[in-house]
């Protein structure tokens, strides 16, 4: 097992290098190259200032050097193992160091801080979503398999496909337009993660002087209700179909007949024998869902003004913030790569038959 | 390349001499027949038919320019005069395709090849004035001229190569040439040359001034970029809700929404098919090489698949869009470049299963070239999962384009469903329900249709389910 994990981690390195290559070269091959986006603000400057800025940028990012050197410089900067670089841009010795994601030019802040602020929001959104998707998809999958061919089986199938086809942005806009609208129905807040007064709330809801106070937890959940709805409904189709197929396959298997023949109760057959075997394929796809969910949360964050990674990305693009775009794509890819690895390991843990030796 | 996209290779395996009273159906045709026997797939096909009709006839359905008018004793047709090269090509392909449906002797692959040939013929003819301008006034002479020459060479190869490789018979080729001859002559004499800055309101103003004696207008007399500058009214700001003049209302800048939606269906279809085609070509080639050669090619290829698979597609798309310009054709290429991973996986899995089988060994032993083994012998067996993934791929490409447009990172001036949706919630907090409902519904129905067809295809092709 340990062997397998180590081998997988080592195989991740070429993939990570590949990701940096793709991300960097997409940018470097763009018209104007790397520097164009950085220098775009120079129109308002005096010639002397412009020259200074150019000099600084050349020093900082090596913009006057060939592209492959710039790439190596960037990789060295984000890698935890590499040459130390001091503020003047001189290279020191080859050691372990803190990976540096660079500095966001328009904001004048280290990228790592921006990512550390935004990542929890996106992760919270996704970690809330996955269990809900699973709970609903597994339940309907079991039900559909047991009542195969009935009207309910067919109609949930069609319903889930139509839900899957519903564009997230449409649902988001409609929900916010109809249910978070002062002129129509104001059931939910229009955006953000907390109310303005959330800092002064207690964690749990309570009555103060006879008036109801929401509390921090409920306030956050109230704000997250619409975004989570938008993010969940699309995942049902795939998972419940997978669950249904696995259940059907196992229900027809020999061991189920044996269990029934020796007098095991129907409930025990279903939940102890069939379900346990059917849940395996769902574990594997759990992490595979993540790239899709992360993509979907870009739209959600934009619609509901949640300051997560997606919103940061859009802002970074609009401000032509090269370091931020590069780092966000890199961090997001790293997360989904790690989650793929995690699902493989989980699979091996869950299924004793699987061996990676 | 043509082997990769034309599903006719499986169809051509049918023996033509066996044409008895009931023509034998190929395996693929059988699967398609089963698919479209299902209710879901039929509903999907009907909606896609509607969208395709809108896409082909968009300028005839919604246009500020009249079909035909008489002004100062002179008859003219501003609409026909202002058709673009794309309009003409689409119309030619549509009518040739319609004609081909009545020719029974041809299989699907041959029909697709003929349509491809028509595109290769009409497109350069329809664009030659613009090509001339680019040739003369380009910013990067070497790059642009080289590119044009390359495109010209590819086009010429297709023009000569397709009829040659199809072996259709001289009589058929003659009939075909005679049918297309008038169009070719017309395009050479009067190439489509639309004005760069159209003035849409001139016809309405002429009519108001009584300069037009007789006029026949399009059913919806507004072009997608007609911002109704002559009907400015400070008391009725845009966007306006649906009314009799504008059935679905107007958007922020005053253009008619229905008109924009009709023209946007063309972009949706184009993005859907072309980017899926690009993804398919890349995916098939990478997957085929990985599945056939195994060992280090597979190891290397899988890393490539992993790289593109683990960057979430939308982030990758946004990175591309952030650093490159916003252009329809670039967008097609980018969406194609970011969505080939699934196809490559399917083809690889299928080839891994097949590579040790006797017919592959036999093909190799017979000394067939690699191209032939991969695409003529192995690929037709892997077509089933690919067809399913194409159907879902078109849906997700359409979704990707409307997502980008919704986020304000898509096309700038061209009409797009996502771009309309983007305007539904204004910065000031206003909500324009008509701008949210109709374009969103169009995206949903189109994506739903492709997904329904994909689902039906998967069920029809799945041997496990055939016992049901």
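The values are calculated or read from the model by the stated rules, or taken from the named source; none is laboratory data. Fair warning: this is a prediction, and the values are worked out from it, not measured in the lab. Glycine also receives a Cβ, built like all others from the backbone with ideal geometry; neighbour counts cover every protein chain displayed.
Here the helices (runs of 4 or more DSSP H) wholly within region B:312-355 that include at least 1 residues being buried (at least 20 other Cβ atoms within 10 Å of the Cβ) and away from chain A (no Cβ under 12 Å) are B:328-337, B:341-354.
Within the option set B:457, B:387, B:374, being under 30 Å from residue B:288 (Cα atoms), more than 9 Å from chain A (Cβ to nearest Cβ), over 21 Å from the mean Cα position of the chain (by Cα) and touching a residue at least 40 places away in the same chain (Cβ under 8 Å) holds for one residue only, B:374. Considering only residues in region A:293-322 that are free of Cβ contacts under 8 Å to residues at least 24 places away in the same chain and closer than 23 Å to residue A:238 by Cβ, the one that is nearest to the other protein chains (Cβ to nearest Cβ) turns out to be A:295. Of all the criteria given as (1) touching a residue at least 40 places away in the same chain (Cβ under 8 Å); (2) in a helix (DSSP H, G or I); (3) farther than 23 Å from residue B:194 by Cα, the one not satisfied by residue B:97 is (1).
Quick test for you: out of A:257, A:206, A:267, pick the one residue that is free of Cβ contacts under 8 Å to residues at least 60 places away in the same chain, touching a strand residue (DSSP E or B) at 6+ places or on another chain (Cβ under 8 Å), more than 30 Å from residue B:398 (Cα to Cα) and loosely packed, with under 15 Cβ neighbours inside 10 Å. Within the list A:257, A:206, A:267, the selection yields A:206.
Of all residues in region B:391-420, those that are more than 12 Å from chain A (Cβ to nearest Cβ), closer than 18 Å to residue B:449 by Cα and either surrounded by fewer than 23 Cβ atoms within 10 Å (Cβ to Cβ) or without any contact (Cβ under 8 Å) to a residue 40 or more places away in the chain (or both) total 0. Taken together, the residues in region A:143-154 that are outside any helix (DSSP H, G or I) and touching a helix residue (DSSP H, G or I) at 6+ places or on another chain (Cβ under 6 Å) amount to 1.
Could you please let me know if residue A:348 is closer than 26 Å to residue B:311 by Cα, touching a residue at least 12 places away in the same chain (Cβ under 8 Å) and in contact with a strand residue (DSSP E or B) (Cβ under 8 Å, 6 or more places away or on another chain)?
no
Only one entry of B:278, B:267 meets the criterion of being modelled with pLDDT of 85 or more and more than 22 Å from residue B:388 (Cβ to Cβ), and that entry is B:267. Residue A:278 is checked against (1) more than 26 Å from residue B:316 (Cβ to Cβ); (2) surrounded by fewer than 21 Cβ atoms within 10 Å (Cβ to Cβ) and fails just one. What number does that condition carry? With respect to (1) more than 26 Å from residue B:316 (Cβ to Cβ); (2) surrounded by fewer than 21 Cβ atoms within 10 Å (Cβ to Cβ), residue A:278 is out only on (2).
Please state which one of A:140, A:190, A:202, A:129 is outside any helix (DSSP H, G or I) and more than 14 Å from every other protein chain (Cβ to nearest Cβ). First the steps, then the outcome.
Values: A:140 fails: outside any helix (DSSP H, G or I); A:190 fails: more than 14 Å from every other protein chain (Cβ to nearest Cβ); A:129 fails: outside any helix (DSSP H, G or I).
Within the list A:140, A:190, A:202, A:129, the selection yields A:202.
Checking each residue in region B:421-452 for being at pLDDT 90 or above and more than 10 Å from chain A (Cβ to nearest Cβ) picks out only B:438. Residues that are assigned to a helix (DSSP H, G or I), in contact with a helix residue (DSSP H, G or I) (Cβ under 9 Å, 6 or more places away or on another chain) and without any contact (Cβ under 8 Å) to a residue 12 or more places away in the chain within region A:155-181 comprise A:158, A:159, A:162, A:165, A:170, A:174, A:177, A:178, listed in sequence order.
Of the numbered criteria (1) surrounded by fewer than 16 Cβ atoms within 10 Å (Cβ to Cβ); (2) touching a residue at least 40 places away in the same chain (Cβ under 8 Å); (3) assigned to a helix (DSSP H, G or I), the one residue B:203 fails is (1).
For region B:291-309, a residue qualifies if it is over 20 Å from residue B:279 (Cα atoms) and either away from chain A (no Cβ under 12 Å) or in a loop (DSSP other than H, G, I, E, B) (or both), and the qualifying residues are B:293, B:294, B:295, B:296. If you go through region B:289-304 and keep only what is surrounded by fewer than 24 Cβ atoms within 10 Å (Cβ to Cβ), in contact with a helix residue (DSSP H, G or I) (Cβ under 8 Å, 6 or more places away or on another chain) and either touching a residue at least 60 places away in the same chain (Cβ under 8 Å) or more than 17 Å from residue A:334 (Cβ to Cβ) (or both), you end up with B:289, B:292, B:294, B:297, B:298, B:301, B:302, B:304.
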